[in-house]
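The values are calculated or read from the model by the stated rules, or taken from the named source; none is laboratory data. None of these values were measured; they are calculated from a predicted model. Note that each Cβ is placed from the backbone with ideal geometry, even for glycine, and that neighbours are counted across all protein chains shown.
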Amino acid sequence: MKKILLCFSLLFLLGYHGVTKPKKATRVILIGLDGFSVAGFKQVKHPHLDALLKTGVLSLNTRTVMPSVTMPNWTSHLTGSGPEQHGVVNNNWTLSKHELPPVASDRKGYYPSVFKLLKEQVPSIKTAFFYNWANLIKPFNQDYLDEVHFEENDLYRTNYDRAFAFIKENRDLPTLTFLYSVHIDHAGHNHQWMSAPYVKAIEEADQAIGQLIQQLKEENLYEGTYFIFFTDHGGTKNGHGGLTLDEMEVPWAIVGPNINKGKRLESPNNNTNTACIIARIFGSKDIPEAWTGKIPKGIFTK
């Protein structure tokens, strides 16, 4: 009996005074919705996105890089730099044919992305890139991506399902999941920004976000996860690429541990800052010298 009591005493001491619970793996989900304008954010109903973002930091005047078109801006989000650094100045960029060489590159000629940074500094991390606009992945070295999936014809629900499966499969490892859709942008081009089809496209994306969040909650993968919601540019009439605020200012938001809750970001923000913020979340100390982004004040609690 004394031996049994001694064992229980040792277990008690270890559980409460000697052994700490294992640290949960850092999990970041990037929800990228192409062409999502500030007007669309303010005027269209998106209850699932609202419920997610109310516990974080929101900016409604984040600046795009110039030109306010797709590939330069998504490249800037994920490389911490503008076109003058990474050299992706239009939507026709390819590794073998481009006008402006990058100021820095990896062994294959790609500008250093956040995926490269994390793969080198967080060895156990798993990275994924889900997309439905074919050119989007061209500026990124896929050697630093564990899973890549392209969905055709502006469809995106399979990508959301794959993203959830990827997160679930790697639940005990740090993960960075980029989940992108172009369908809102294409609705703007085909029917004008803030047209009925454009509004519907946002509402449908919100439903997909809500389903993903519900799946994460059911698998106990929601709490402690960082979410970044971002876009590349806004739009006016049937296009974008100009200098109007409708094109150049976009919504941007972040939710997660050590993120201020229910705050509007007052500091100036830019698409080049996103990768630096992701690096901070994963505890990266050695940011590429060529990166020009920074971490705005008011996002992190400490």
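Yes/no per residue for (1) under 28 Å from Glu169 (Cβ atoms); (2) surrounded by 15 or more Cβ atoms within 10 Å (Cβ to Cβ); (3) in contact with a Pro (Cβ under 9 Å, 6 or more places away or on another chain); (4) not basic (Lys, Arg):
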{"site": "Ala201", "(1), (2), (3), (4)": "no, yes, no, yes"}
{"site": "Glu218", "(1), (2), (3), (4)": "yes, no, no, yes"}
{"site": "Phe229", "(1), (2), (3), (4)": "yes, yes, yes, yes"}
{"site": "Glu249", "(1), (2), (3), (4)": "no, yes, no, yes"}
{"site": "Ile254", "(1), (2), (3), (4)": "yes, yes, no, yes"}
{"site": "Glu266", "(1), (2), (3), (4)": "no, no, yes, yes"}
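Here is a yes/no grid of residues against (1) more than 30 Å from Ser124 (Cβ to Cβ); (2) within 17 Å of the chain's Cα centre (by Cα):
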residue: Asp161; (1), (2): no, yes
residue: Phe166; (1), (2): no, yes
residue: Val182; (1), (2): yes, yes
residue: Glu203; (1), (2): yes, no
residue: Gly210; (1), (2): yes, yes
residue: Glu218; (1), (2): no, no
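Taking the residues in the range 1-52 that are at pLDDT below 95 and closer than 30 Å to Gln215 by Cβ as candidates, determine which candidate is nearest to the chain's Cα centre (by Cα).
Ala25
Please find, within the range 64-93, the residue that is surrounded by the fewest Cβ atoms within 10 Å (Cβ to Cβ) out of those that are hydrophobic (A, V, I, L, M, F, W, C) and in a loop (DSSP other than H, G, I, E, B).
Met66
Output the residues belonging to the range 56-72 that are among the hydroxyl-bearing types (Ser, Thr, Tyr) and farther than 12 Å from Ile228 by Cα.
Listed by number, the residues that qualify are Thr62, Thr64, Ser68, Thr70.
Report the residue count in the range 128-177 for those that are surrounded by fewer than 21 Cβ atoms within 10 Å (Cβ to Cβ), aliphatic (A, V, I, L, M), part of a helix (DSSP H, G or I) and in contact with a Phe, Trp or Tyr (Cβ under 7 Å, 6 or more places away or on another chain).
Total satisfying the criteria: 2.
Suppose we keep only residues that are crowded, with 21+ Cβ neighbours inside 10 Å and not in a helix (DSSP H, G or I) within the range 94-125. Which one would you say is nearest to the chain's Cα centre (by Cα)?
Taking the candidates together, the pick is Ser113.
Can you tell me which residue within the range 284-295, out of those that are of a type in the set (Gly, Ala, Ser) and either exposed (fewer than 11 other Cβ atoms within 10 Å of the Cβ) or modelled with pLDDT of 95 or more (or both), is nearest to Asn270 (Cα to Cα)?
Filtering first and then ranking leaves Gly293.
Taking the condition farther than 22 Å from His189 by Cα, in contact with a Lys or Arg (Cβ under 6 Å, 6 or more places away or on another chain) and not β-branched (Val, Ile, Thr), does Ser267 pass?
Details: farther than 22 Å from His189 by Cα: yes; in contact with a Lys or Arg (Cβ under 6 Å, 6 or more places away or on another chain): yes; not β-branched (Val, Ile, Thr): yes.
Against the criterion (farther than 22 Å from His189 by Cα, in contact with a Lys or Arg (Cβ under 6 Å, 6 or more places away or on another chain) and not β-branched (Val, Ile, Thr)), Ser267 qualifies.
Among Gly239, Gly235, Gly224, Gly298, which is surrounded by 22 or more Cβ atoms within 10 Å (Cβ to Cβ) and over 14 Å from the mean Cα position of the chain (by Cα)?
From the options Gly239, Gly235, Gly224, Gly298, the qualifying one is Gly235.
Out of all the residues in the range 258-302, which are part of a strand (DSSP E or B) and not aromatic (Phe, Trp, Tyr)?
Ile259, Lys263, Arg264, Asn270
Would a scan of the range 193-211 turn up a residue that is touching a residue at least 12 places away in the same chain (Cβ under 8 Å), part of a loop (DSSP other than H, G, I, E, B) and farther than 22 Å from Asn238 by Cβ?
So far as the range 193-211 goes, no, none of its residues is touching a residue at least 12 places away in the same chain (Cβ under 8 Å), part of a loop (DSSP other than H, G, I, E, B) and farther than 22 Å from Asn238 by Cβ.
What's the number of the condition Leu60 fails, among (1) over 26 Å from Phe282 (Cβ atoms); (2) crowded, with 18+ Cβ neighbours inside 10 Å; (3) of a type outside the set (Phe, Trp, Tyr)?
So the condition that Leu60 fails would be (2).
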